[in-house]
1. May I ask you to list the residues in segment 197-227 that are in contact with an Asp or Glu (Cβ under 8 Å, 6 or more places away or on another chain), buried (at least 23 other Cβ atoms within 10 Å of the Cβ) and part of a loop (DSSP other than H, G, I, E, B)?
2. Any residue in segment 48-56 that is of a type in the set (S, T, N, Q), at pLDDT 70 or above and surrounded by 15 or more Cβ atoms within 10 Å (Cβ to Cβ)?
3. I'd like to check something: does segment 20-39 contain any residue that is among the small types (G, A, S) and at pLDDT 95 or above?
4. Restricting the first residue to segment 293-312 and requiring it to be at pLDDT 95 or above, which pairs with a second residue that is assigned to a strand (DSSP E or B) and of a type in the set (D, E, K, R) meet a Cβ separation below 6 Å and a spacing of at least six or different chains?
5. For residues that are closer than 24 Å to H132 by Cα and small (G, A, S), scanning just segment 27-47, find the one that is surrounded by the most Cβ atoms within 10 Å (Cβ to Cβ).
6. Can S69 be described as polar (S, T, N, Q) and in a loop (DSSP other than H, G, I, E, B)?
Amino acid sequence: MTRPAVAVLLAAAVGPAVPGPAADPAPTHLVYLGTYIGPKSRGIYVSRFDAVSGRLSPPELAAETEGPSFLALHPTRPLLYAVNEVGEFEGKPAGSVTAFAIDASGALRALNRVSSEGAHPCHLVVDRTGRHVLVANYTGGSLASLPVREDGSLGPAAAVARHRGRSVNPERQEAPHAHAVEVDAANRVALAADLGLDQVLAYRFDPDRGTLEPADPPHAAVRPGAGPRHLAFGRDGRHVYVLNELDVTVTAFRYEDGRMTEEATVSALPAGVKPGPEDSGAEVQVHPSGRFLYASLRGPDQVAVFSVDGGTGRLSLAQHVATGGRTPRSFSLDPSGRWLLAANQRSDSVTVFRVDPDTGRLSPTGQAVEVGSPVSVVFRPLVPPSGS
């Protein structure tokens, strides 16, 4: 997207200045959408989101880049990082990560692109200090820690952790497949879900040096063939929830300083329903209140809603709601927790749901926008100019 185009988008979001007393402006966010490149997509797109009405504007191209299937924002600076989910970079079998600066209009300006030190990176996160980007590489199964430079660009990897082994599914678990990485609240442990190993690996993370060292114990296991894909920490910091792709379950672990103890594994499908060959889990997130958990399901093309017990962290299935499209991938809750946006990869759409603050249940709003092969959704709040 050109800067004038994004400037128009932002102006429409915040409105013109109005002299004299006026009602508080509607809280507005930019929503960045990561996609798979194809006939209807050229990279990262951006929309504006009205957090009062739930309206999402038609996406505009923010940056052209290869395979930006997952995005992450810097915690304090106007920076965005995107995986480039490819198998070769600079003549080597590796993917890459691209760093972008976000200007005042919301436009993206590429800063640089560096190797992810593994092929087909599919997930990344910025550590809580904003000094390193941690990226999970699916093919070959590895993590890399990339330092964030003063200007927001990325340096070569400070550390690489390569996984070893396999599990019971010969088609999907013939080798390690790191699928997600998250850091704990203390910013001292990085957890990696590896679909190929049926393990969540734990690494001691040094935010000063960016190093990754195996924790003790070095991993926690899920049941054979489950295929851990994504994970999310509970708001209490004492629980970790792992969405298992292959058997469409969620495993709840009690968490303490890198040590994970399984408490329960529950199906994300309706009671009594076994996963079919087309069914798989995709994304898991915890509501800002900590009271609800959401999981997207491909095959049924639904979001499963769970209530979270405030004392024990245990999950109770509360609802299934159709995403209004095909093959939901990632989704995101807005900062207020009142809205959920779901990316439907194979129907080229992002749909908007209202969240009931008391029950966590989702209600379709009937609103949707078109964008080619959407995969990742991230919110960036905007503060309207003074006097607007």
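The values are calculated or read from the model by the stated rules, or taken from the named source; none is laboratory data. Only a predicted model underlies this, so the values are computations on that prediction, with no experimental measurement involved. Neighbour counts are summed over all protein chains in view; Cβ atoms, including those assigned to glycine, are modelled from backbone coordinates with ideal geometry.
1. Once the filter is applied, which keeps residues that are in contact with an Asp or Glu (Cβ under 8 Å, 6 or more places away or on another chain), buried (at least 23 other Cβ atoms within 10 Å of the Cβ) and part of a loop (DSSP other than H, G, I, E, B), segment 197-227 yields V222, A226, G227.
2. No, segment 48-56 contains no residue that is of a type in the set (S, T, N, Q), at pLDDT 70 or above and surrounded by 15 or more Cβ atoms within 10 Å (Cβ to Cβ).
3. As a first pass, look at segment 20-39 and keep what is among the small types (G, A, S): 20, 22-23, 26, 34, 38.
Those still in the list that are at pLDDT 95 or above too: 34, 38.
Yes, there is a match, as at least one residue in segment 20-39 is among the small types (G, A, S) and at pLDDT 95 or above.
4. The qualifying pairs are S296/E283.
5. G34
6. For S69, the condition - polar (S, T, N, Q) and in a loop (DSSP other than H, G, I, E, B) - is met.
Every residue, every condition in (1) in contact with a Phe, Trp or Tyr (Cβ under 9 Å, 6 or more places away or on another chain); (2) of a type in the set (G, A, S); (3) free of Cβ contacts under 8 Å to residues at least 24 places away in the same chain, yes or no:
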{"position": "V200", "(1), (2), (3)": "yes, no, no"}
{"position": "G210", "(1), (2), (3)": "no, yes, no"}
{"position": "P224", "(1), (2), (3)": "no, no, no"}
{"position": "V248", "(1), (2), (3)": "no, no, no"}
{"position": "T261", "(1), (2), (3)": "yes, no, no"}
{"position": "T265", "(1), (2), (3)": "no, no, no"}
{"position": "L269", "(1), (2), (3)": "no, no, no"}
{"position": "P277", "(1), (2), (3)": "no, no, yes"}
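Yes/no matrix, rows are residues, columns are (1) within 27 Å of P224 (Cβ to Cβ); (2) surrounded by 17 or more Cβ atoms within 10 Å (Cβ to Cβ); (3) hydroxyl-bearing (S, T, Y); (4) without any contact (Cβ under 8 Å) to a residue 24 or more places away in the chain:
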position	(1), (2), (3), (4)
G141	yes, yes, no, no
S145	no, yes, yes, no
R149	no, no, no, yes
A157	no, yes, no, no
H163	yes, yes, no, no
H179	yes, yes, no, no
A186	no, no, no, no
L195	yes, yes, no, no
